[in-house]
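K.L.:
The structure's right below; bear with me while I get my questions together.
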Protein chains: 2
Amino acid sequence: MSQARQRPSTQRSLAATKRPGPSGEFERIAWIQHLLELPVKDRRTLSNIQVGIGDDAAVLRVNRGNLVWTVDSSIEDVHFKQGWLDARDIGWRSFQAATSDLAAMAATPLAALSALELPKSLTDRTLMQIVQGQNEAAECLRCPIVGGNMASAQKIAITTSVLGQASKPPLRSNAKVGDELWLIGDVGLAAAGLACLMKNSPRRRGSAVDACIAAWRRPKALIEQGQTLRGRAHAAIDISDGLVGDAAHIAESSRVALHIDMDALSETLSPELCRVAERFNRSALSFALYGGEDYALFAAGPGTRRPPAARVIGRVLDGEGVWGFAQKRAPSRLMRGFDHFQGHWVVDADPACN
Amino acid sequence: MSQARQRPSTQRSLAATKRPGPSGEFERIAWIQHLLELPVKDRRTLSNIQVGIGDDAAVLRVNRGNLVWTVDSSIEDVHFKQGWLDARDIGWRSFQAATSDLAAMAATPLAALSALELPKSLTDRTLMQIVQGQNEAAECLRCPIVGGNMASAQKIAITTSVLGQASKPPLRSNAKVGDELWLIGDVGLAAAGLACLMKNSPRRRGSAVDACIAAWRRPKALIEQGQTLRGRAHAAIDISDGLVGDAAHIAESSRVALHIDMDALSETLSPELCRVAERFNRSALSFALYGGEDYALFAAGPGTRRPPAARVIGRVLDGEGVWGFAQKRAPSRLMRGFDHFQGHWVVDADPACN
C-alpha cells in the first residue's frame with residue numbers, strides 16, 4: 001500500500017464525504033494506513049515490525065526458528081451476505097477465520113496482510129467499518145496488519161495472510177492409535193446461527209438465537225487455547241468446515257480411524273444450541289457434527305498430557321475414516337462436511353442422540 | 001489445503017474427466033498438491049520448507065533476519081479478461097506480479113501462498129492450467145508455492161502472498177537529493193500490448209504487436225536485477241501502475257522532486273513499442289510514462305554506485321512531485337497513473353518527444 005505524507009484524520013475525512021461513492025485508491029490507502037497505525041506503546045512491544053503499510057512490502061525482523069504461515073478468503077455471497085452482518089463483523093470474521101489456522105498450529109501470531117476486493121459502489125463509510133472490524137480482531141489477537149492490497153471487484157472479498165511462530169506445531173498427520181480426541185471450544189453454535197440468518201427464522205428472537213447468531217458473526221480464533229496444545233497434542237486442526245469434515249483430514253493424513261463418542265460430544269453442547277436446534281426440528285448434534293465456522297480446536301494426544309480446557313470426545317483407533325458411536329448403537333461411519341464446489345453439506349449419518 | 005493419502009496422476013485424472021464442470025474441492029486440492037510437489041533435488045536445496053501444502057498452515061524454517069512480505073491480487077474483468085490470455089498466462093502473470101514487489105526490495109524469495117477464487121463453472125482443465133502457470137512462474141523465480149486456499153466466487157481471482165528475505169531493503173522513503181534515477185527493464189511494452197488486446201487492433205499482427213502482447217501476458221519479476229540494488233539504491237519501487245504513478249510514491253514518501261529526462265527515457269524505449277505506438281497514433285513515451293504492468297524497476301541512488309543494468313533517466317531534486325524535462329522544453333509536472341476506484345488513467349502532461 002502506498003504511503004501518504006499527510007495523514008488526515010479518518011473521522012474528519014469520512015464526515016466530509018457527502019457522496020455515496022468511493023474516494024480514490026490512494027486517498028483510501030492513506031486512511032487505512034492512518035487507521036491501522038499502531039499506538040506508540042504497541043510499536044515498542046512489537047519491535048519486530050521494521051516497515052509496515054507504505055512500501056512495496058512489509059519488513060519483519062525475526063529470530064531463527066519456524067514460521068507458520070496461512071491464508072484465508074472471506075467472500076460476499078459465498079461466505080456471507082451483507083444483510084446477515086454489519087461491515088465491522090465482515091472485517092472481524094475474515095480476520096479471525098484466517099488466524100484460527102495458527103491456533104491449530106499452537107503458534108503465536110506475528111502479523112497479517114490484508115488483500116481487499118471492493119465493488120466500485122462501496123462507500124467510504126462501509127470500507128472504513130470493514131477495516132475497523134479487521135483492526136479490532138487484529139488488536140484482540142495481537143497480530144497487527146502490516147500491509148495489503150486493494151483492487152476493485154464485483155463482490156467484497158477479503159483475503160488475509162497471517163504469519164506466526166511456533167517451535168513444534170502439531171500437524172494433521174501425527175495422530176497416534178491410542179490418543180484421546182480433544183475438543184476445545186464450542187461446536188454447532190455458528191452453524192445454528194447461520195441457519196437462523198439464512199431462513200430468517202425463528203422470527204421472534206430470543207437469547208438462544210442471539211447467542212448462535214453472535215457465534216457466527218463474531219467467532220474468535222482460540223490462539224491462547226491453541227498454545228496449550230504445545231508439547232501435548234500429536235495432531236490438531238481448527239474446525240472451519242465442520243467437526244466430521246475436519247476430523248476426516250486428520251484421519252486421512254495420519255492414516256488412522258477417529259471414533260467420536262456421541263454421548264460425550266452431546267455433553268459439550270451448549271444449551272443455546274439445543275434450544276435453537278429444537279426450533280428447527282433438527283438434532284443439536286447434526287449442527288455440531290456438520291456445521292462449521294465456530295473455529296473450535298480439535299486435537300489428538302495422549303490422555304496423560306490432556307490440556308485443562310480440552311474435553312475428551314473420542315479416541316484414535318486403527319483403521320480409517322471418522323466414526324460415531326454411542327452406548328446403545330453400533331459405530332456408524334460419518335462423512336465429511338461442506339464442499340465448496342459441490343456446494344452442499346454431505347450428511348451421511350446423523351445419529352439423533354440429543 | 002487438505003492432504004490426500006492417495007496422490008493421483010494429474011494428467012491421468014484430467015484425461016478421465018469427461019464432464020465440463022468441476023470436481024470436488026478435496027479432489028482438486030489433492031491434484032494441486034501433486035502438481036506443486038517439489039522434485040527431490042529442490043526439496044534438498046529448499047530445506048527451509050518444513051511443511052508444505054496439506055496442513056492448516058505452511059511451516060518454514062528461517063534464520064534470524066529481515067523477512068520481506070507482500071500480497072497482490074489478479075482479478076478477472078479487472079486485471080484481465082479471459083479472451084486476452086490463456087489460463088496458464090493467468091497463473092503466470094498473477095505470480096510474477098506479486099513477486100515483483102520483492103524485486104523492488106532487493107529480496108530473495110522464500111515461498112508463496114496462493115488463494116484461489118474460482119467460479120463453479122470453471123473446468124478442471126482450466127484450473128489445472130492456471131496452477132501450471134503459477135508453478136512455472138514459481139519454479140522460474142525459485143519461490144515454491146507451499147500452501148493456499150480455494151473458494152468459489154463469481155469471477156476468477158488469484159491472491160498471491162510472497163515471503164522473502166533481504167538484509168537492508170531499499171525503501172520508497174529514502175531517495176536523496178542528488179541521486180540519479182535508474183530504470184532497470186523496459187517500460188511501456190505491456191501497456192501497448194494491453195491496448196492491442198483491448199481494441200483488438202491492429203488486426204494484422206506483426207512481430208512488434210506480438211512482442212508487446214507477450215510483455216503484458218508474460219511479465220517477469222526482476223528478482224536478480226533487484227538484488228543488484230543492494231547497497232547501491234537508496235530507494236526503489238517496481239513499476240506496476242505506470243512510471244509516473246510509481247515515481248510519485250517515491251517522491252511523496254521521500255519528500256523530494258523527481259525529474260525525469262524525457263530524452264534519456266526515449267532512448268530506453270524498445271523499437272517494438274515505438275512501432276506499435278505509431279499504429280495507435282500515440283507517442284511511445286505516453287505508454288512508457290503512464291502504462292503499467294511491465295514490472296520494471298525504478299530506483300534512486302548515487303551515481304558512483306550505479307548498478308550495471310541501470311539506465312539513468314533523471315535525477316532527484318529538492319521540491320515535490322514528478323516532473324518531465326527535455327532539452328528544448330521547460331519542465332512540466334506529470335500526474336500519476338491508474339486509480340482502481342476512479343477507474344481511469346490520469347494523464348496530465350504527455351510530452352510527445354518520440
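K.L.:
Compute from the Cα atoms of the stretch B:48-149 the Rg and the Dmax, the latter being the longest Cα-Cα distance, and quote both in angstrom.
P.N.:
Calculated on Cα positions, Rg and Dmax stand at 14.3, 46 Å.
K.L.:
Work out from phi, with θ = phi - 60° and the Karplus expression 6.51 cos²θ - 1.76 cosθ + 1.60, the ³J(HN,Hα) of each residue of the stretch B:184-198, listed in order in whole Hz, and give x for Gly and Pro.
P.N.:
Listing the rounded values in order: 10, x, 9, 10, x, 4, 5, 5, 5, x, 5, 4, 4, 5, 5 Hz.
K.L.:
Whole-Hz Karplus ³J(HN,Hα) for the stretch B:160-169, in order, using 6.51 cos²θ - 1.76 cosθ + 1.60 and θ = phi - 60°, x for Gly and Pro?
P.N.:
These are the phi-based 3J(HN,Hα) values: 10, 10, 10, 10, x, 10, 7, 6, 10, x Hz.
K.L.:
Using a 1.4 Å probe and ignoring any ligands, DNA or RNA, find the accessible area of B:Met335 and quote it in Å² to the nearest 10.
P.N.:
80 Å²
K.L.:
Now, a different point. Going toward the positive end of the dipole of the stretch A:93-223, with +1 on Lys and Arg Cβ and -1 on Asp and Glu Cβ, which of A:Met105, A:Ser167, A:Trp216 do you reach last?
P.N.:
Selected residue: A:Trp216.
K.L.:
Pairs B:Lys81/B:Lys176; A:Lys81/B:Lys81; B:Lys168/B:Lys220; A:Lys81/B:Lys220: which exceed 29 Å Cα-Cα?
P.N.:
Working: B:Lys81/B:Lys176 40 Å; A:Lys81/B:Lys81 26 Å; B:Lys168/B:Lys220 23 Å; A:Lys81/B:Lys220 38 Å.
As for pairs spanning more than 29 Å Cα to Cα, those are B:Lys81/B:Lys176; A:Lys81/B:Lys220.
K.L.:
Here is a further query. Ignoring ligands, DNA and RNA, how much accessible area is buried between chains A and B, both sides summed, with a 1.4 Å probe, to the nearest 100 Å²? Don't jump to the answer; show the numbers that get you there.
P.N.:
On the way: alone 17130 and 17160 Å², together 27340 Å².
Looking at A and B, the buried total is near 7000 Å².
K.L.:
On to the next question. Would you mind working out the magnitude of the charge dipole of the stretch A:139-289 relative to its Cα centre, with +1 at each Lys and Arg C-beta and -1 at each Asp and Glu C-beta, to the nearest 20 Debye? Write out the running numbers ahead of the final one.
P.N.:
Values: 18 positive and 15 negative charges, 114 e Å.
Roughly 540 debye, rounded to the nearest 20.
K.L.:
How many angstrom separate the Cα center of the stretch A:205-235 from the Cα center of the stretch B:53-85?
P.N.:
The distance from the Cα centre of the stretch A:205-235 to that of the stretch B:53-85 comes to 28 Å.
K.L.:
When only alpha-carbon atoms are used, what values of Rg and Dmax, in angstrom, describe the stretch A:179-244?
P.N.:
Calculated on Cα positions, Rg and Dmax stand at 14.7, 47 Å.
K.L.:
Kindly write out, for the stretch B:140-146 in residue order, the coupling ³J(HN,Hα) from the Karplus curve 6.51 cos²θ - 1.76 cosθ + 1.60 (θ = phi - 60°), rounded to whole Hz, with x marking Gly and Pro.
P.N.:
4, 9, 6, 9, x, 7, 10
K.L.:
Rounded to the nearest 20 Debye, what is the dipole magnitude of the stretch B:90-156 about its Cα centre when Lys and Arg each give +1 and Asp and Glu each give -1 at the C-beta?
P.N.:
Details: 5 positive and 5 negative charges, 30 e Å.
So the magnitude is around 140 debye.
K.L.:
Which far-off residues, 5 or more places away or on another chain, put their amide H under 5 Å from the one on A:Ile145, with H placed in the peptide plane?
P.N.:
Counting only residues 5 or more places away or on other chains, the set is A:Ala112.
The values are calculated or read from the model by the stated rules, or taken from the named source; none is laboratory data. Keep in mind that this is a model prediction, so the values were computed, not measured. Because the Cβ atoms are built from the backbone with ideal geometry, glycine has one as well, and the counts that use them run over all protein chains shown. For accessibility, only protein heavy atoms count, side chains too; no ligands or nucleic acids. Shrake-Rupley method; radii C 1.70, N 1.55, O 1.52, S 1.80 Å.
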